[in-house]
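Asker: Here it is, the structure, as structure tokens.
Taken together, the values in this text are just the output of simple stated rules run on the coordinates, not laboratory data. Owing to the predicted nature of the structure, the values given are computational and were not obtained by experimental measurement. All Cβ positions, even for glycine, are placed from backbone atoms using ideal geometry, and neighbour counts span all protein chains on display.
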Amino acid sequence: MKHIITGALLASLLSIPLTVVGGSGKSIDKRIALNLTTAETADFLAEMRQMLASIQGIIMGIGEEDRELIYKSARASGGRMARATPDSVRSKLPPSFREIGGPTHMMFEELAIRAETDDMDMLASFTGQLVQQCLTCHEMFKIKTLQ
Ligand code: HEC
């Protein structure tokens, strides 16, 4: 009896991941796929790497109290980048994506302005809030469904 119960328990435990992976055809990766084309993906990811470079410049600028570097780095990922998104990509981005993406570019713009006057510790903590936007979106979205 004990063996039967243990066996049934084991089988049910094992079957949970199996159904998640194979059964329904759904991916174990729960992020929403944007399904961009290869060319759109290349542009999209290049912008992402630019945002990472901006964060690098901002942190460097804060460390060295170089306001110009913070300003330039932040501007590179601000409104200009948002406006440069091609229409084909824009039309594929769900509202829930744009609700995070738009404000992220605005925060870079705000940081560029605040770089002129704010103390470095305030700039550092605002940068922390900005990077939280990156994390929130990365948690929710991916380019393609992995299968
Ligand atoms: C509105 C959504 C969104 C925001 C905000 C966002 N990202 Fe991304 N990012 C993505 C998606 C989607 C991918 C692709 C992930 C995947 O397919 O696995 C990505 C990928 C990346 C990559 C990988 C680039 C490559 O060449 O593979 C980097 C680096 C990156 N993001 C940096 C950042 C940084 C830094 C920030 C914040 C300043 C940021 N992202 C904000 C959605 C976002």
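Asker: Pop out the ³J(HN,Hα) list for the stretch 90-104 in order, Karplus 6.51 cos²θ - 1.76 cosθ + 1.60 with θ = phi - 60°, rounded to Hz; leave Gly and Pro as x.
Answerer: My calculation for the stretch 90-104 gives 3, 5, 8, 7, x, x, 5, 6, 5, 5, 9, x, x, x, 5 Hz in order.
Asker: Among 34-44, 107-117, 89-99, what's the highest-first ranking by average C-beta atoms within 10 angstrom per residue?
Answerer: 107-117, 34-44, 89-99
Asker: List, largest first, the extents of the alpha carbons of the stretch 35-147 along their principal axes, each in whole Å.
Answerer: So the extents along the principal axes, rounded to whole Å, are 45, 24, 21.
Asker: Another question about this same structure. Say R0 is 22 Å: what FRET efficiency, to the nearest 0.05, do R83 and R31 get from their beta-carbon distance?
Answerer: Once the sixth-power term is evaluated, E becomes 0.25.
Asker: In the stretch 28-147, what is the count of Lys pairs whose alpha carbons are under 25 Å apart, counting only pairs at least 8 residues apart or on separate chains?
Answerer: 5
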